[in-house]
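Quick note: the coordinates plus some simple rules give every number you see, no bench work behind them. Treat the numbers as computed from the prediction; the structure is a model and nothing was measured. Heads up, the Cβs are rebuilt from the backbone with ideal geometry, glycines too, and the neighbour counts pull from every protein chain shown.
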Amino acid sequence: MKPSILKLEKLSKTFDKFTAVNQIDIEVGQGEIFGFLGPNGAGKTTTIKMIAGLLQPTAGDLSIHGHPMSKDPSRCRELTGYIPDRPYLYEKLTGSEYLSFIASLYPQSANGTDFLGRSQEYLNYFDIEEWQDNLIESYSHGMRQKLIMTSIFMLEQPLIVVDEPMVGLDPKSARIVKELFKSKASEGKTVFLSTHSMEIAEELCDRISIIAHGSIVASGTVSELKQEQKHASENLEDLFLQLTGAFELQEVIAALRNNQNDNVLNRTL
Amino acid sequence: MIPRLFFPYTRILKNKLFSGSVFNLKTSLISLLGLAICVVLYLVTWRTVAYFHAQNELGIILSMKIFQMAWITIFAMLIFSSMITSVSTLYLSKDNELMVASPAGIDELFNMRLITTFFNTSWMVLLFSIPIFAAFGVVFDSGILYWPLLLAAIPATSFTASAIAVVIIIILVYLFPARRTKDIIFYLTLCFGIFLYLIFRLLRPEDLVNPEKYGQFIEYLSAVSNPAGPWLPAGWTANLLSTYLLDQRIDWLLLALIILTPLIIYFLGELAMMRLFLPGFSKSQESFGGHRSFRRPQPKQYRGWQWVFKKETISFLRDSKEWSQFFMIGALVVVYLYNFKVLPLERTFGTTYVANLIAFGNIGLTGFLAASLAARFVYPSIGAEGGAFYLIRNSPMSMKRFLCYKYIFYLIPFTILTIILIGVSNHFLQIDGPMWWISLVTALIICWTVVALALGFGTIFADYNAENRAASMGPGAVMYLFCAITYTLTILLLGFSPTYRLMRSWLWQHKGLPLFDALIILAWGVGMIVLSLLTVYVIYRRASAALKPR
C-alpha cells in the first residue's frame, strides 16, 4: 500500500436525528485517484465538507498526511485543494485577480510568483487565457468551472478534493480535466472526487467507494467490486444500481413500461 | 500592504468605482449626491441647533440633550445592524467555503469580518454624523480640540458597536443555528426601530421649546441636566463632546474609556472567535432541522390570474423579510393619521377653509406615500421572479397578460391603503361635501397610476440577479420615483385652481356653481383621467416591449 494521505476512521455526522454519514472508513494512498460514488442525498457532500474542514464530524476522526483535522486543522487545509459542487466566485473580480487572491490564501503552495506561470499553463489548456482580464460576471458556466479548476491545479496541493468535477464542462475540457487528474496522480498527488458519472469513475479511478444512506456499501477497485457482486460481465452502472437501490428502480421501470404498454394498447384499440 | 483576505473587497470596490483608471460618471454622481446630503445635513442641523441655542439656558440644555440622545440612539441602531450584518458575513457569506477551507487563520478571518462589518454598517453613520456634530461645534463656537476629539471618538464608538455585535453573534450562533439567530435579530431590530419611531413622533419633541408647556417640564429640567447613558460607550462620547462644547474641558477618564473599550472588546471577540467560531460555522452549514412543511395544495387547476395571485401571496407571506415590513407600514400609517388627529385646527386655523386646504395637500402626501411603498414592493416584483422567470416567459401566458395580473394584484392593497388614509384623515379634518370626493377620487387615480409606473419601471429595469427585493433598487427606482412625484405634482398643480373655485362656491356662496367654473372642473377631471391613462398606457407598452425576446 502506498503511504496514506487521507484517512477517515469511523467518521460520522448527524444533523439532529438524521444520520448523514454513518461510521465510514476510507483510506486513500499517495498518487491515487479515489472515486466516491453514491445516489443523491447519500452523504457524499457531507463527507467531502468534513474533509475540507467545513463541517465538524459528530464522531470519528480524519487525518490528512498524518495530521488529524481535529487537532491541526490549519495544516490539513494547507495540504488540501478543495472544489465544492457549487463554487463561489467574486463576480466583480477578473479571472487573474481571482487566481492571485487564491494564491495569497495558499502562500506555501503558490510559492511566491511561481503560481503565475502555472496558472497561465492551465488557462491555456482550458482555452480561457484571453478571458483572464475580464470580469468573472461575463464568464459562462463552463468558463467559471475552468477557472476554478485552474485555481486548484496551479497550487500543486498534495490532496485535491473535488465535488462533481465535470459539471458544466464541454467534452474537450472534460477530457483535459481527466488527463490532468491522471497527470497529477502520476506526480504523486492524490485526488479524491465525488461523481455521479460511472464513466468517469470507471475510466479514472484507481479505487472507488459507494455510499448509500450514509454508509459505505462497497469499496475497492472496479474489477474487485464486479467480482464481489458477480457482475463481471456488466458495467459499473448496473453494479451501482444493484448496490444503491435497484429494487426500487425496477419497480419504477416496471410501472413506466406498463404505462407505455397501456398507451400502445389504447391507441391500437 | 493590504492583508490578503481584504483583497477581493478592495479590488471589487476599485473595479466597481473605476472603469479602467477613470473615476466613472456614476461614481462621480454618487459622490456629488453624498456631498450634497452632507451639506444639507450640516445646514439643517446648524439652523436647528442655532434656534435652540438662541432660546435661553433651556435651549442650550435641550440641544445638548438632543445631541446625547441622538448619538445613543445611533449607537443602539449600529449594534443591531452590525449584528444582522455579522451573522451574514461570518456565517452565511457565499465566500465562506473558500475562506474557511483555506489555510488562512481564524484570527485573520475575524479581523477581516470585523473590519468589513464595521465599514458596511458604520460608513453612513461616520459620513453623515460628522456634518451634524460639526454644526454643533460651529454653533457652540467650540475650541480647536473639539475637532480631533470628534474625529477620534465617533469612529471609536462605531467600532465598539460593531465589535460588541460580533461578539454577541459569535456566542449566539454557537448556541442557535445562524439563520434562526438572524431572524431573531432582524425582528428585534424592526421592533426597536418601530418603537423609537413611534416614541419620537408621539412625544412631539417640537413641543419641548413651546413656552406654554414649560410648566410641565420643571421635573424634566432636572432630568435633562444629568449626563446621558453613563454606562454606555455612546454616552461617554456624547458626554465627552458635550462637556467640551459647554466648558471647553476634556474629561480624560471618558476619553480613556472611549479609546480602550474597543481594544478590549476586540481581544474578547478574537478569543470568542478562536474558541466558538468553527463549531458555530459547522452548525450553520447544517440545513437539516429547520425545514417547515406546508399543507399540500388542493389538486385543482388554477386559472392564470389565480396562479399569479396565489404565488405572489405565498411568496410574500413565507418571506419573513417581506411580511415583517407590515409592522413598519402599520407604524407609518398610525403616525401619519395621528398627525392629522393632533393638528391644532381650532386654535391655529379655526376655519373650514384651512381644513379643506390640508385635505387637498393630503392627496399629494398620500400619493407620495403610495409612490414610496410601490418603490419598495411593486418595483422589484418582476426582478424578484429571478432565475425562475424563464418559466413564465416560456409558458403560453402572454407577457402583457402577466403584467396585467401583477398590476391588479398590487392594486388591491394599495387601493385599500389609500381609502383608509384619505377616509380617516378626512374624518379627523372633519371634511364633508365635494372635497371628500375630490380627495378620494384624485388620490385613487394617483395611486393606481403610480403603482402602474412602479411596475413598468420595475419591469424595464428588472434585476433578476438581485439577492433580495431591497437590493434590486437601482437607478431605475430613482427614475421611477422622479416620474411618480412629477406626475403627482402635475395633477395637484393643475387641480388647485379648479378645486379652489369649487370649494369657494361650496363654502361661501352656497349657491349654484358658475358654468365657467363647472367647465374648468370638468376639464381638470377629464385631463387628469386622460393624463393618467396615457401614463399607464405608455409605461405598459414600454414594459411589455422590455419583456419581449430580443
Worksheet item: Where nothing but the Cβ of Lys and Arg (+1) and of Asp and Glu (-1) is charged, how large is the charge dipole of the range A:4-220 around its Cα centre, in debye to the nearest 20?
Response: 600
Worksheet, complete the sentence: Nearest-0.05 FRET efficiency for B:Phe192 and B:Lys16 at R0 = 30 Å, using Cβ-Cβ distance, is 0.40
Worksheet item: For B:Leu127 and B:Ile184, FRET efficiency with R0 = 35 Å and r from the beta-carbon atoms, rounded to 0.05?
Response: 0.75
Worksheet entry | Residue (of B:Pro148, B:Gly423, B:Thr189) at the positive-pole extreme of the protein assembly as shown, dipole from beta-carbon charges | B:Gly423
Item to complete: Would you work out if the range A:110-184 is rounded, prolate or oblate? Take a ≥ b ≥ c from the square roots of the eigenvalues of the alpha-carbon gyration tensor; rounded if a/c is under 1.5, else prolate when a/b is larger than b/c, oblate otherwise.
Response: oblate
Fill in: Among B:Ser372, B:Leu403, B:Phe516 - extreme Cα towards positive end, dipole of the range B:304-546, charges at beta-carbon
B:Leu403
Worksheet item: Which value results when the Cα radius of gyration for the range B:65-176 is divided by 2.2 N^0.38 Å?
Response: 1.27
Item to complete: Enumerate the residues in the range B:475-496 having an amide nitrogen under 18 Å from the point lying 7 Å beyond the Cα of B:Ala546 toward its Cβ.
Response: B:475-487
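Residues of B:6-12, mean number of Cβ from any other protein chain within 10 Å of their own Cβ, rounded to a whole number?
4
Treating only the Cβ of Lys, Arg, Asp and Glu as charged (+1, +1, -1, -1), what charge dipole size does the protein assembly as shown show about its Cα centre? Round to the nearest 20 debye.
Values: 68 positive and 60 negative charges, 512 e Å.
The dipole magnitude comes to about 2460 debye.
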Response to the item:
Cβ-Cβ cut-off under 14 Å around A:Glu203, Lys and Arg +1, Asp and Glu -1: the net charge is -1
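Classify the range B:304-546: rounded, prolate or oblate, from the alpha-carbon gyration tensor (a ≥ b ≥ c, eigenvalue square roots; a/c under 1.5 rounded; otherwise prolate if a/b is larger than b/c)?
On the way: a/c = 2.69, a/b = 1.75, b/c = 1.54.
Verdict is prolate for the range B:304-546.
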Worksheet item: Could you give the nm distance between label points at A:Asp127 and B:Ala54, where each point is 7 Å from its Cα heading toward the beta carbon?
Response: 7.6
Worksheet item: When you look at the Cβ of every residue in A:96-103, what mean number of other chain Cβ atoms sits within 10 Å?
Response: 3
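Multiplying the sequence separation of B:Ala518 and B:Met479 by 0.36 nm and subtracting their Cα-Cα distance, what value in nm do you get? Each step should come with its number before you reach the end.
Numbers: separation 39, 0.36 × 39 = 14.04 nm, distance 3.59 nm.
Between B:Ala518 and B:Met479, full extension yields an extra 10.5 nm.
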Worksheet entry | Nitroxide proxy distance, nm - points 7 Å out along Cα→Cβ at A:Asp16 and B:Ile250 | 5.7
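How big is the antiparallel share of DSSP beta bridges in chain A, given as a percent to the nearest 5? Don't skip to the end; give the middle numbers.
Working: 21 of 39 bridges.
Counting DSSP beta bridges with both partners in chain A, the antiparallel share is about 55 percent.
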Item to complete: For the range B:304-546, calculate the relative contact order in percent as a whole number, restricting contacts to Cα pairs under 8 Å that are 6 or more residues apart.
Response: 28
Worksheet entry | Size of charge dipole - the range B:304-546 - debye, nearest 20, with Cβ of Lys, Arg +1 and Asp, Glu -1, no other charges | 320
Discussion item. Defining a contact as two alpha carbons under 8 Å apart and six or more residues distant in sequence, what relative contact order in percent does the range A:151-269 show?
Written reply: 17
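Assuming a viscosity of 1.306 mPa s and a temperature of 10 °C, what translational diffusion coefficient in µm² per second does Stokes-Einstein assign to chain A, Rh being the Kirkwood radius over Cα pairs?
Working: Rh = 20.0 Å.
The estimated diffusion coefficient comes to 79 µm²/s.
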Worksheet entry | Translational diffusion coefficient (Stokes-Einstein; Kirkwood radius from C-alpha pairs) of the range A:34-159 at 4 °C, 1.567 mPa s, in µm²/s | 82
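Could you work out the helix-only [θ] at 222 nm for the protein assembly as shown, with each DSSP H run of four or more residues adding -39,500 (n - 2.57) and the total divided by the number of residues, to the nearest 500 deg cm²/dmol? Show your work: numbers first, answer last.
Numbers: 30 runs with 528 residues, N = 819.
My calculation for the protein assembly as shown gives -21500 deg cm²/dmol from helical runs alone.
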Worksheet entry | Cα-based equivalent ellipsoid, the range B:435-550: semi-axes from gyration tensor eigenvalues, Å | 38, 14, 9
Fill in: the range B:428-464 versus the range A:8-72: alpha-carbon centroid distance in Å
59
Worksheet item: Let a ≥ b ≥ c be the square roots of the eigenvalues of the Cα gyration tensor of the protein assembly as shown; is it rounded (a/c under 1.5), or, if not, prolate (a/b larger than b/c) or oblate?
Response: oblate
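Can you give the relative contact order of chain A as a percent, counting alpha carbon pairs under 8 Å and 6+ residues apart? List each step's numbers first, then the result.
On the way: 436 pairs, mean separation 65.4, N = 269.
Value for chain A: 24 percent.
Net charge around A:Leu8, counting only other residues with Cβ within less than 10 Å of its Cβ (Lys, Arg = +1; Asp, Glu = -1)?
On the way: positive: A:Lys7, A:Lys10; negative: A:Glu9, A:Asp25, A:Glu27, A:Asp61.
With Lys, Arg at +1 and Asp, Glu at -1, the neighbours total -2.
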Worksheet item: If Lys and Arg each add +1 and Asp and Glu each add -1, what is the summed charge of the other residues whose beta carbon sits under 15 Å from the beta carbon of B:Phe414?
Response: +1
Discussion item. Filter A:Lys2/A:Lys178; A:Lys7/A:Lys49; B:Lys310/B:Lys406 down to the pairs with a C-alpha to C-alpha distance above 20 Å, please.
Written reply: A:Lys2/A:Lys178
